[in-house]
Amino acid sequence: MSFDFNVISSKFNKKIDSFLDSLSYSPAALGVAVSGGSDSLSLLYLINSWSNKKNLKIIILTVDHKLRNGSADEALYVGKLCNKLGLIHKTLFWAHENIKGNLSASAREARYRLMQNAIPSGAILVTGHTLDDQAETFLMRLRRGSGVDGLASMAEKSYLSFGNDKMIVYRPLLDFERQTLRNVLKFYQVDWIEDPTNNDKSFERVKVRDLLARCIEIGIDKSTISQTALLMQSAKTALNHFASDCYEKFGSCDNGDIIFDFDEFSKQPLDIKRRLISAAQKWISNQKYRPRLSQVDGLINSLDEKITFSGSGTICYFHDNSIRITREVNASVCEIEASNGVIFDRRWKLTALENCRDLTIKCLGKDGYTFLEPGLRKKIPYKTIIALPALFNDNNLVNFPFIDPNSKFKFNLCKQPFNQFLLDH
């Protein structure tokens with residue numbers, strides 16, 4: 001089949017224009033992730049040929065992970081191409097020492113964190129993930145025994161947050177094959193750089209790429225796999241809506257805790273229980289990923305026995321015929337200096353109507369609890385109250401606004417409402 005750049009460009013333009021028209025706001029900018037590889041370089045040239053009717057600021061971002069020889073040269077190469085195209089380019093460097101755990105996961109987190117910090121709040125990050133990437137991701141998840149959410153693979157639009165703001169990640173190339181995108185570069189007579197790890201079979205994705213080739217031989221091609229992923233995304237959306245409806249019916253938020261009526265929760269299908277519990281743990285703890293399925297199932301089993309369970313930076317316990325999920329004291333931020341507007345543990349924003357110099361914020365804790373009047377202690381369950389923020393001078397409790405209606409200080413939750421969080425995650 002002959003290659004027609006105008007057809008590809010038109011398809012891309014319609015896709016990105018449609019996406020931007022669907023938003024209820026105008027993004028502060030588009031940050032475009034570009035390495036020296038063929039997928040992202042093709043994205044660079046498609047973005048450059050796009051009409052950009054809204055005249056959005058475009059910032060090209062290249063991350064040098066400093067993990068292999070040649071990475072600096074690749075960033076320079078992208079910078080030179082951007083200079084020729086008249087596009088703003090930033091090279092971001094990952095400062096790391098000894099990396100513990102999963103190298104790929106650590107590099108991915110660092111990459112997105114750097115890019116989020118490099119673009120304005122309210123900007124959108126555009127990445128070059130392709131149909132090939134989608135199929136490979138699906139097979140990797142299938143290999144691990146993933147359920148609906150895992151097999152949903154990559155959505156065209158998703159959210160990431162490595163700070164107080166969440167960032168939209170947009171993937172406009174998910175229905176473009178890699179070879180088509182390489183033809184875009186050939187059209188522009190632009191070379192791409194092959195990542196040497198693409199031939200290293202110690203990497204899971206390289207093994208899965210070989211598996212995909214064998215799948216194609218028996219009629220399971222990339223488009224078929226991608227279609228299945230889309231069906232899983234649809235199922236995931238439906239299940240998330242059902243879980244959100246359940247929360248509206250028998251759930252609530254109190255002092256930063258997520259609460260479920262025990263009897264109503266017990267009646268729900270296992271998948272809905274898992275969604276509610278894992279989302280609550282992620283929402284409260286601010287962890288990037290949902291807890292492992294085995295941990296969630298262990299928690300659900302403990303609830304049946306009304307046993308307290310801790311995990312993923314949270315504590316789940318039974319109180320007044322309800323399930324309460326609260327922050328675990330030992331997992332929260334230790335202590336920060338108090339100031340008006342400061343955010344503690346990425347959850348609580350302090351409003352101070354008087355000087356808070358020399359004061360610090362930390363969880364009330366067991367020691368702070370002893371400073372409270374016995375009659376006031378009972379207003380909030382013990383496991384919850386000790387995890388709430390309080391104001392201290394050295395180790396002396398100065399103020400605990402949650403039980404003092406006349407306090408000149410106030411802590412407000414600064415998080416997305418939980419029912420919306422259920423739908424977005």
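The values are calculated or read from the model by the stated rules, or taken from the named source; none is laboratory data. Here the structure is a predicted model, which is why all the values come from computation and not from measurement. Quick reminder, even Gly has a Cβ in these numbers, built from the backbone with ideal geometry, and neighbours come from all protein chains shown.
Between residues in the range 373-392 that are assigned by TED's automatic domain parsing to the domain that holds Asn412 and in contact (Cβ under 8 Å) with a residue 40 or more places away in the chain and residues that are loosely packed, with under 13 Cβ neighbours inside 10 Å and acidic (Asp, Glu), which pairs lie under 6 Å by C-beta distance while being six or more apart or on different chains?
That search, which allows pairs on different chains as well, returns nothing.
For the range 390-410, state whether one or more residues are under 16 Å from Asn255 (Cα atoms) and in contact with a Gly (Cβ under 8 Å, 6 or more places away or on another chain).
Yes, some residue in the range 390-410 is under 16 Å from Asn255 (Cα atoms) and in contact with a Gly (Cβ under 8 Å, 6 or more places away or on another chain).
For residues in the range 243-279 being among the aromatic types (Phe, Trp, Tyr), assigned by TED's automatic domain parsing to the domain that holds Ile315 and surrounded by fewer than 22 Cβ atoms within 10 Å (Cβ to Cβ), which is nearest to Lys379 (Cα to Cα)?
Of everything passing the filter in the range 243-279, Phe262 is nearest to Lys379 (Cα to Cα).
Can you tell me which residues in the range 133-171 are in a loop (DSSP other than H, G, I, E, B) and either among the small types (Gly, Ala, Ser) or at positive phi (or both)?
Gly145, Ser146, Gly147, Ala152, Ser153, Ala155, Ser161, Gly163
So how many residues does the range 354-389 have that are hydrophobic (A, V, I, L, M, F, W, C), under 34 Å from the mean Cα position of the chain (by Cα) and assigned to a loop (DSSP other than H, G, I, E, B)?
Of the residues in the range 354-389, 7 are hydrophobic (A, V, I, L, M, F, W, C), under 34 Å from the mean Cα position of the chain (by Cα) and assigned to a loop (DSSP other than H, G, I, E, B).
Which of the following residues is under 19 Å from Ala280 (Cα atoms), within 31 Å of the chain's Cα centre (by Cα) and surrounded by 18 or more Cβ atoms within 10 Å (Cβ to Cβ): Phe318, Phe411, Phe421, Phe402?
Phe421
Exactly one of these conditions fails for Asn83: (1) buried (at least 19 other Cβ atoms within 10 Å of the Cβ); (2) polar (S, T, N, Q); (3) in contact with a His (Cβ under 8 Å, 6 or more places away or on another chain). Give me its number.
Of (1) buried (at least 19 other Cβ atoms within 10 Å of the Cβ); (2) polar (S, T, N, Q); (3) in contact with a His (Cβ under 8 Å, 6 or more places away or on another chain), only one is false for Asn83: (1).
Residues Cys316, Cys215, Cys246: which one is closer than 30 Å to Ala390 by Cα and hydrophobic (A, V, I, L, M, F, W, C)?
Cys316
If you take just the helices (runs of 4 or more DSSP H) that sit entirely in the range 1-104, which of them hold at least 1 residues that are in contact (Cβ under 8 Å) with a residue 24 or more places away in the chain and under 24 Å from the mean Cα position of the chain (by Cα)?
In the range 1-104, 5-22, 38-49 are the helices (runs of 4 or more DSSP H) which contain 1 or more residues that are in contact (Cβ under 8 Å) with a residue 24 or more places away in the chain and under 24 Å from the mean Cα position of the chain (by Cα).
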